[in-house]
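Structure first, commentary second.
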Amino acid sequence: MFDDFVEHAAPTAGHSRGTAPLPQVQYEGYEPSPYDSEIHAELEHTGALDAPLPTANTPLFDLGRVQYTLPSPLVSLAVSSDVLAMALASNTIVLIELSHAEHVVTIPIPRKATELIIHKIFLDPSGRHLIITSTQGENWYLYRGWKKPRQLKSFKMVIESVAWNKAALLASTHSMSTREFLIGTRNGGIFEAVLDAGEDFFKSQERYLQLLFTLPEKYPVTGIKFDLFPPSDLRNALVVVTTPSRIYQFAGSPDRRSEEGGRVFSSLFAAYREITPKISELPGNLQYSELHFYTPNSDQALSLPKNLAWMTAPGIYHGTLNFDPNSDDHIDSTQLHPYPSFLPGTSPDTSQSPPEVPVSISLTEFHFILLYRDRIVGISTLNGKQTYEDAIPLRPNEVVRGLAADPVRKTYWAYTDQSIFELIVGNENRDVWQIYLAQQKFDIALRYAKTAGQRDSILSAQAHAFFDEGRYFQAAQCYSQCSAPFEEVALKFLDAGERDALRSYLISRLERTRKSDLTQRMMLATWLVEFYLSRCNELDNLCASELVTSDAENLQTQRAILEDDLRQFFDTYKSNLDKNVVYELIQGHGRTDMFLHYATAVGDFERVIAHWILEEQWTKAIDVLNRQTNPELYYRFGTVLTRQAPKEMIESWLKQPSLDPLRLIPSLLQLQHLPRDPLSPDHAVRYLSYVVFEQGDKSPMVHNLLVTFLATRLPRSSEEDGPLLNFLTSAPSDPMTGKPYYDLDYALRVCKRTGRIQSCVHIYSQMGLWENSVDLALEKGDLELAKENANKPEDDAPLQKKLWLKIARYVVQDKQDIKTAMQFLENTNILKIEDILPFFPDFVVIDDFKEEIAHALEGYSAHIDDLKREMDDATRTAESIKQDIAELKNRFVTIDAGERCSVCSQPLLTRQFYVFPCQHTFHADCLIGLAKEYLPTHALRRIITLQTELVKGGQKTNLDNAVSVTPNGHSRQAAQQRTLLSASFGSPVQNGSKAANLLGRNLLSAGDRLRDLIVPDALASVVSAPGWIPGMSGGKKVGVDKDIEKKVEKLRAELDDVLASSCPLCESVVAGLDKPFVKPGELDTTWTL
């Protein structure tokens, strides 16, 4: 701002007067002040440690010269909203905007110095409007931005003071109107006027000027100020007017409060024409005076002034403003501060000289600023003591003119006819806390304390004051916040017998002790527990005493509040207490309720549960168990609580799905021998069922225990066997084995021991012991159960019939009920009447089941008839097939004489051949060679077997034929034939046993080896019948054994059926679909380029 042009002068050695710095506070006692570390940490966090902070040696004010050369003597100066206006003797107005101090605007008034002498200038709070008044009564108006001022022709007066409408001017920054303002003149007149800088051809800047009031003594109006209040609704106004010796108060309601401005104060001042306003007079021979105000938050439009200062002949009249509409006097707490009579530089023998009246004054928040002819002085408004003094460095013949203050920005300026000085308010409130402390206004002093030491001094003094006044609780709070020695404070309260106040002090100290000071916090907390317990016992004794029956209700209320405080203390500071020490303290005072609360607060639920168990308060113990989260306590206290309160304990378990059922088995076993209430469900069964079906527990021990409880805890009646049987039938089973998780053998033993027959039957059936299950069901006499189990082995029909026979024997022999036996037969399709007839006695009368026998015989007769019809149908079918076969033998095919074999392409008629319906023709040997390639393995084995048999039979037949036909000359032909056959078949045929052995070995080889054993030429010669060649007569066989011939023919027919069952060419197409065109190992070169 303008500080760059201010030269700060060092205080003169002989003229500097200030308060001596206070000695440093020495911290002694329990610990240093807790505020040192807190403030230091806060400053480090905000970065304020790096910024310069006001210290005890920082001056309250600093006076510096402004580096600006005036072109002519300075007459008057005004500052507002950082706009500095100067009136020079050369009738020139100089305007400087302090935010841009390098730009200086000089505006001359079109008057010569001999024609116009400037008296004062007045600048509005917004810094836009400037009024210049002269001693000749001529007035000028200058608006910001104008190049020259304009004369106010109707303003024929010497203006001494102006009261601007601050609220309107600061609220409307773009308005060119001054709004209504008041003028105080030299002859005691008070005017209301409005100026408007807007350009209007038909109107001048002077909107109106009206005389409102004339002071009776017609003294100059040296100061005037008005305010509209309250800020929320400006319906009241207060006008303060001063003359050199009087101060007036005009209060009332303004006429109107429009936005455009107008006559506002006419009716307010008209009311005082008949009555006298509030007047305070301070007589003196001073011909001038000044009126100043201090307004907190002055940059806000609706802010109201707080203090006023009026310079008079006797001294400075000071007070606070009261804006109560119903008050007659709006200036409260008035004081007259005399001017200092002894100043530095004067000798003591002149100390009795009358005080010098300052040239000008100004008002800050805590000081009066007094401007003298050669120095400037600061006096505290709080105690009237001088706190600042500085000499003004004057040039020769330089005359001090006055002080000016910026009412919005709170800057202060002193000026002479040749220089301008800025009075910088640097550390004005440095010693305010000391003043309030001396006045024992401790709360206000704390607001202005800046350091931990200052705050500590205030709190210490306040604590001593409270203690001396007997306000021990307030003293305890203050002592806890200052650095007073802990031992000293504690002894003071103990000596005074104020244990409650000491308890409050200890609590406050505990709250302010650092968390890292574990030992101190534990000592304080333990001592407080002792105080609380002792006080509780005292109140118990007082409540039980008969002497204070009238106050019993109050004491009980006090005791309840104290107990609540102790519980809250336990909850808050449980981490600062040693559990064992606190337990001993509580038990020593016999406070069971506090014992339980503290144990609950620290999470020591084991002690709480053990206490309630000792007191046999089972429900309360279970409630505590439910509130904690440690599962080990369920296992530890489960046995006793389950035995005493089974329902509540089981409910607690059901709310904790994380519990291990195996560890709860000892607790569940407590219920095994307890008497059962028939009207309530079995709680052990309820929990185990929840574990098995809801939680899906697979432990065999849990399942076995549930079987045990269901078998032993339920009454032994057939109606009550349902739950056990339901569990056995619906119990989950192991998906790997399909068996239930419970042990079947154990369940069977338990059910047998408890007489659960139905359950035993079901277990037998699950074990696969169907006969045992049916026998047991029949032993019990439960026929339906026996039937149900007899039907279960569905995949074993003989066993199922055996089981039904057992049931039938039971019905017939044991019950000896013929009708029931007959009904029994109707319910099953497995048994017939003949199955159960052996069970009837030998001499039984058949009248009861004669009808059933008749029905059975009728059924058999019908069945025989059906069988006969089926046999007849089979016979007819066989005859038809024989006829078809016979017709097939007579079937023929006509072929051409030149027909060729489909394999070798040789003439077909040269040797034995086959013709198929598909018109394919083959030689016999070609057919055999082709068929063996696609026939399956079993057919190949059959062909080899037939080949072996036919070769054996063929040799024998040929030999007989040769001997019988030509006994004398053809033995060689027979040998020749054998040789040919031997050559055809190779080595396997030469020796029958050798061939059989070789064939047996080869049957085990693969299909290729089997194919190698088949010799097409040999088979072709064997298959062909003698005498088949046309033109050759076979003749009649002589001496041939007919049985052997029949056998050979049969073998030939079978071999013929195997070979000629289908065309090999057609069949090979279907059989070779999955075979490659190129066989493995075969090299195909047809595609080679």
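Do you know which residues across the range 190-242 are of a type in the set (S, T, N, Q), within 60 Å of the chain's Cα centre (by Cα) and at pLDDT below 90? Don't jump to the end; show me each part of the working.
Step one: of the range 190-242, the residues of a type in the set (S, T, N, Q) are 204-205, 210, 214, 222, 232, 236, 242.
Restricting the remaining residues to those that are within 60 Å of the chain's Cα centre (by Cα) gives 232, 236.
Across the range 190-242, the qualifying residue is only SER232.
Given the criteria open to solvent by 40 Å² or more (accessible area, probe 1.4 Å), under 30 Å from LEU403 (Cβ atoms), acidic (Asp, Glu) and touching a Lys or Arg at 6+ places or on another chain (Cβ under 7 Å), does ASP329 qualify?
Against the criterion (open to solvent by 40 Å² or more (accessible area, probe 1.4 Å), under 30 Å from LEU403 (Cβ atoms), acidic (Asp, Glu) and touching a Lys or Arg at 6+ places or on another chain (Cβ under 7 Å)), ASP329 qualifies.
If you take just the strands (runs of 3 or more DSSP E) that sit entirely in the range 261-344, which of them hold at least 3 residues that are closer than 30 Å to ALA197 by Cβ?
290-294
From the list GLN800, GLN813, which one is modelled with pLDDT under 75, in a helix (DSSP H, G or I), farther than 29 Å from GLY696 by Cβ and open to solvent by 50 Å² or more (accessible area, probe 1.4 Å)?
GLN813
Identify all residues within the range 617-650 that are without any contact (Cβ under 8 Å) to a residue 24 or more places away in the chain, closer than 23 Å to LEU669 by Cβ and open to solvent by 40 Å² or more (accessible area, probe 1.4 Å); write none if there are none.
GLU632
One line per residue, one yes/no per condition, for (1) under 20 Å from GLN477 (Cβ atoms); (2) part of a helix (DSSP H, G or I); (3) touching a Lys or Arg at 6+ places or on another chain (Cβ under 7 Å); (4) at pLDDT 90 or above:
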{"residue": "SER508", "(1), (2), (3), (4)": "yes, yes, no, yes"}
{"residue": "ARG521", "(1), (2), (3), (4)": "yes, yes, no, yes"}
{"residue": "TRP527", "(1), (2), (3), (4)": "yes, yes, no, yes"}
{"residue": "LEU542", "(1), (2), (3), (4)": "no, yes, no, no"}
{"residue": "ASP551", "(1), (2), (3), (4)": "no, yes, no, no"}
{"residue": "PHE569", "(1), (2), (3), (4)": "yes, yes, no, yes"}
{"residue": "VAL581", "(1), (2), (3), (4)": "no, yes, no, yes"}
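Restricting to the range 456-465, give me the number of residues that are surrounded by fewer than 20 Cβ atoms within 10 Å (Cβ to Cβ) and either of a type outside the set (Gly, Ala, Ser) or touching a residue at least 40 places away in the same chain (Cβ under 8 Å) (or both). Steps first, answer last, please.
Step one: list which residues in the range 456-465 are surrounded by fewer than 20 Cβ atoms within 10 Å (Cβ to Cβ), which gives 460-461, 464-465.
Those still in the list that are either of a type outside the set (Gly, Ala, Ser) or touching a residue at least 40 places away in the same chain (Cβ under 8 Å) (or both) too: 464.
Matching residues across the range 456-465 total 1.
From the list LEU169, LEU209, LEU228, LEU195, exactly one residue is open to solvent by less than 10 Å² (accessible area, probe 1.4 Å) and in a strand (DSSP E or B). Which is it?
After applying the criteria, what remains is LEU195.
Return the only residue of ALA490, ALA496 being more than 40 Å from the chain's Cα centre (by Cα), small (Gly, Ala, Ser) and crowded, with 17+ Cβ neighbours inside 10 Å.
From the options ALA490, ALA496, the qualifying one is ALA490.
List the strands (runs of 3 or more DSSP E) that sit entirely inside the range 358-417 and contain at least 3 residues that are under 23 Å from ASP82 (Cα atoms) and within 60 Å of the chain's Cα centre (by Cα). Break it down into steps so the answer makes sense when it comes.
Numbers: elements: 360-363, 367-371, 375-380, 386-391, 400-405, 412-416.
Fully inside the range 358-417 and qualifying: nothing.
Say we look at the range 1026-1067 and pick out the residues that are open to solvent by less than 50 Å² (accessible area, probe 1.4 Å) and at pLDDT below 75; which of these is farthest from THR921 (Cα to Cα)?
Selected residue: VAL1040.
Could you tell me which numbered condition LEU234 fails, if it satisfies all but one of (1) over 16 Å from LEU169 (Cβ atoms); (2) surrounded by fewer than 20 Cβ atoms within 10 Å (Cβ to Cβ); (3) not aromatic (Phe, Trp, Tyr)?
With respect to (1) over 16 Å from LEU169 (Cβ atoms); (2) surrounded by fewer than 20 Cβ atoms within 10 Å (Cβ to Cβ); (3) not aromatic (Phe, Trp, Tyr), LEU234 is out only on (1).
Restricting attention to helices (runs of 4 or more DSSP H) lying wholly within the range 664-730, give those where 1 or more residues are modelled with pLDDT of 85 or more and polar (S, T, N, Q). Give the steps one after another, and end with the answer.
Details: elements: 665-668, 683-689, 700-712, 722-730.
Output list reads 665-668, 683-689, 700-712.
Identify all residues within the range 397-410 that are over 14 Å from ARG373 (Cβ atoms) and either aromatic (Phe, Trp, Tyr) or surrounded by fewer than 19 Cβ atoms within 10 Å (Cβ to Cβ) (or both); write none if there are none.
As a first pass, look at the range 397-410 and keep what is over 14 Å from ARG373 (Cβ atoms): 404-410.
Of everything in the range 397-410, those that are over 14 Å from ARG373 (Cβ atoms) and either aromatic (Phe, Trp, Tyr) or surrounded by fewer than 19 Cβ atoms within 10 Å (Cβ to Cβ) (or both) turn out to be ARG409, LYS410.
Restricting to the range 525-539, what's the tally of residues that are surrounded by 21 or more Cβ atoms within 10 Å (Cβ to Cβ) and over 14 Å from GLU563 (Cα atoms)?
Summing the residues that are surrounded by 21 or more Cβ atoms within 10 Å (Cβ to Cβ) and over 14 Å from GLU563 (Cα atoms) in the range 525-539 gives 1.
Check the range 908-923 and report whether any residue there is open to solvent by 70 Å² or more (accessible area, probe 1.4 Å) and at positive phi.
The answer is yes, given that some residue of the range 908-923 is open to solvent by 70 Å² or more (accessible area, probe 1.4 Å) and at positive phi.
So which residues in the range 253-265 are surrounded by fewer than 17 Cβ atoms within 10 Å (Cβ to Cβ) and at pLDDT 90 or above?
Passing the criteria: only SER253.
Looking only at the range 598-616, which residues are within 24 Å of GLN656 (Cα to Cα), open to solvent by less than 60 Å² (accessible area, probe 1.4 Å) and either assigned to a helix (DSSP H, G or I) or touching a Lys or Arg at 6+ places or on another chain (Cβ under 7 Å) (or both)?
So the first thing to find is which residues in the range 598-616 are within 24 Å of GLN656 (Cα to Cα), and the list is 599-613, 616.
Then keep just the ones that are open to solvent by less than 60 Å² (accessible area, probe 1.4 Å); that gives 599-605, 608-613.
Those that are within 24 Å of GLN656 (Cα to Cα), open to solvent by less than 60 Å² (accessible area, probe 1.4 Å) and either assigned to a helix (DSSP H, G or I) or touching a Lys or Arg at 6+ places or on another chain (Cβ under 7 Å) (or both): ALA599, THR600, ALA601, VAL602, ASP604, PHE605, VAL608, ILE609, ALA610, HIS611, TRP612, ILE613.
When you scan the range 742-775, how many residues do you find that are in a helix (DSSP H, G or I), within 57 Å of the chain's Cα centre (by Cα) and among the small types (Gly, Ala, Ser)?
The qualifying residues number 3.
Can you tell me which residue among VAL893, VAL903 is outside any helix (DSSP H, G or I) and modelled with pLDDT of 85 or more?
Exactly one of VAL893, VAL903 is outside any helix (DSSP H, G or I) and modelled with pLDDT of 85 or more, namely VAL903.
So which residues in the range 747-771 are buried (at least 18 other Cβ atoms within 10 Å of the Cβ) and closer than 17 Å to ILE807 by Cβ, if there are any at all?
Hits for the range 747-771 are ILE757, GLN758, VAL761, TYR764, SER765, TRP770.
State whether one or more residues within the range 467-475 are open to solvent by 50 Å² or more (accessible area, probe 1.4 Å), within 19 Å of ARG535 (Cβ to Cβ), under 46 Å from the mean Cα position of the chain (by Cα) and without any contact (Cβ under 8 Å) to a residue 60 or more places away in the chain.
yes
Of (1) aliphatic (A, V, I, L, M); (2) in a strand (DSSP E or B); (3) more than 24 Å from LEU228 (Cα to Cα), LEU182 satisfies all except one. Which?
(3)
Is there a residue being polar (S, T, N, Q), in contact (Cβ under 8 Å) with a residue 12 or more places away in the chain and closer than 16 Å to ALA463 by Cα anywhere in the range 531-538?
No, the range 531-538 contains no residue that is polar (S, T, N, Q), in contact (Cβ under 8 Å) with a residue 12 or more places away in the chain and closer than 16 Å to ALA463 by Cα.
In this structure, is GLU160 open to solvent by 10 Å² or more (accessible area, probe 1.4 Å) and assigned to a loop (DSSP other than H, G, I, E, B)? If you could, list the steps in order and put the result at the bottom.
On the way: open to solvent by 10 Å² or more (accessible area, probe 1.4 Å): yes; assigned to a loop (DSSP other than H, G, I, E, B): no.
Against the criterion (open to solvent by 10 Å² or more (accessible area, probe 1.4 Å) and assigned to a loop (DSSP other than H, G, I, E, B)), GLU160 does not qualify.
Here are PRO244, PRO216, PRO220: which of them is touching an Asp or Glu at 6+ places or on another chain (Cβ under 7 Å) and either crowded, with 18+ Cβ neighbours inside 10 Å or closer than 28 Å to TYR317 by Cα (or both)?
PRO220
Given the options ILE107, ILE96, ILE121, name the one that is touching a His at 6+ places or on another chain (Cβ under 8 Å) and at pLDDT 95 or above.
Sole residue among the options that is touching a His at 6+ places or on another chain (Cβ under 8 Å) and at pLDDT 95 or above: ILE96.
Limited to the range 418-433, what total is found for residues that are part of a loop (DSSP other than H, G, I, E, B) and of a type in the set (Phe, Trp, Tyr)?
0
The values are calculated or read from the model by the stated rules, or taken from the named source; none is laboratory data. These numbers come from a predicted model, not from an experiment. Methodologically, a virtual Cβ is constructed for each residue, glycine included, from the backbone with ideal geometry; neighbour enumeration extends over all protein chains shown. Note: areas computed on protein heavy atoms with side chains; ligands, DNA, RNA excluded. Shrake-Rupley method; radii C 1.70, N 1.55, O 1.52, S 1.80 Å.
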